[in-house]
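To keep things clear, I will list the structure first and then write my remarks on it.
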Amino acid sequence: MADRLNGYRILILETREEAQFSRLLAEQGADVLQCPLFAIHDAPDPAPIEAWIRRCIEAPHDDLVLMTGEGLRRLMKVVRRIDVEKDFIAALGKTRKFARGPKPGRALRDICLEAPQTTEKPTSEGVAEMLSRLDLKGHRLGLQLYPDRDHGALIGAIEARGADVDTVLPYAYDAKAADANVVSAIEDMADGRIDAIALTSSGQVRRLFDVAELHGCEARLREGLARTPIASVGPVVSDELQGRGLSAGITPPAGAYFMKPLISAMAVELAKAPPRAGGT
């Protein structure tokens, strides 16, 4: 039913695929406040990425772990620039593929491929747990990484299974470029101008607190989160909130950890009170 969120101002913290989330919320009538958390750029040095792609084509990996949908899309951008798209997709077709959650799976479907195995939890720990059940001895395993994370534990866990890990990092974050947006969003919440904040990854929670600490406004952030309903897409986000002494008042039904069920849960909960209409 359309317009279930008409008049409600929803804050979303944009990362890789939040444009779709924004569209779905707007279709329900929400006034969506988009707060970019990072500027995403291609990796500054394309040479290692091109070399990884050519290794993949010349001798396809036995296994490939995709950590993010953005990572595959950035790889495909390089693939098309160096004009090896057909060969690269053919090589991926020969490789057993694993996805850290649904987003890499969607990126694979964009190039007409599938990931037969997806982690139950979209975390590095979830990837390690999934791979721990497999015999990887002697395997060449391609691992697409993402920025601003120490992946040493994951790489070590895979190597302990006997695999030779071949990593690629196809993009970079520019966090400072978005700090002002985050501080502004914190003030909007603290001043009561937001009807709900919708969180779709644990990294969004960490980023909020990192920026608040850097700019001396953690008290304002906690004040804002205390007066603003928090919607969490699933247990990974909720666990991150709980670790910081917070809780999500809005969650989708168990097992339905996706954007549409989250939006439905928000519509039900927010309908219990009228929109704040610009703050108090």
Can you list the residues of region 220-250 with backbone N under 11 Å from a point 7 Å past the Cα of Glu269, pointing along Cα to Cβ?
-> 228-234, 238, 247-250
For n ≥ 4 DSSP H runs only, could you compute -39500 (n - 2.57) per run for the chain, divide by its residues and tell me the 222 nm figure to the nearest 500?
-> -13500 deg cm²/dmol
Mind ordering 235-245, 66-76 by average Cβ neighbours within 10 Å, highest first?
-> 66-76, 235-245
For region 139-186 and region 55-107, what is the separation of their Cα centres, given in Å?
-> 16
About its Cα centre, region 151-212 carries a charge dipole, from +1 on Lys and Arg Cβ atoms and -1 on Asp and Glu Cβ atoms, whose size in debye to the nearest 20 is 120
For the chain, radius of gyration divided by Kirkwood radius, i.e. Rg to Rh on alpha-carbons | 1.00
Mean Cβ count within 10 Å, highest first, over the residues of peptides 225-233, 50-58, 193-201 = 193-201, 225-233, 50-58
Computed for the chain: size of charge dipole around the Cα centre, +1 on C-beta of each Lys and Arg, -1 on C-beta of each Asp and Glu, debye to nearest 20, value 560
Formal net charge of residues neighbouring Glu85 (Cβ-Cβ distance under 15 Å; K, R +1; D, E -1) | +3
With labels modelled as points extended 7 Å from the Cα through the Cβ direction, what inter-label distance (nm, one decimal) is found for Ile82 paired with Ile40?
-> 2.1
DSSP beta bridges in the chain [antiparallel fraction, %, rounded to 5] | 10
Flagged as over-length at 32 Å C-alpha distance, from Lys77/Lys121; Lys137/Lys176; Lys103/Lys176; Lys77/Lys260; Lys94/Lys121, the pairs are Lys137/Lys176
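The numbers here are math on the coordinates, done by the rules we state, and not lab data. If you're wondering where the values come from, they're calculated on a predicted model, not measured in any experiment. No Cβ is skipped: glycine too gets one built from the backbone with ideal geometry, and neighbour counts run over all protein chains shown.
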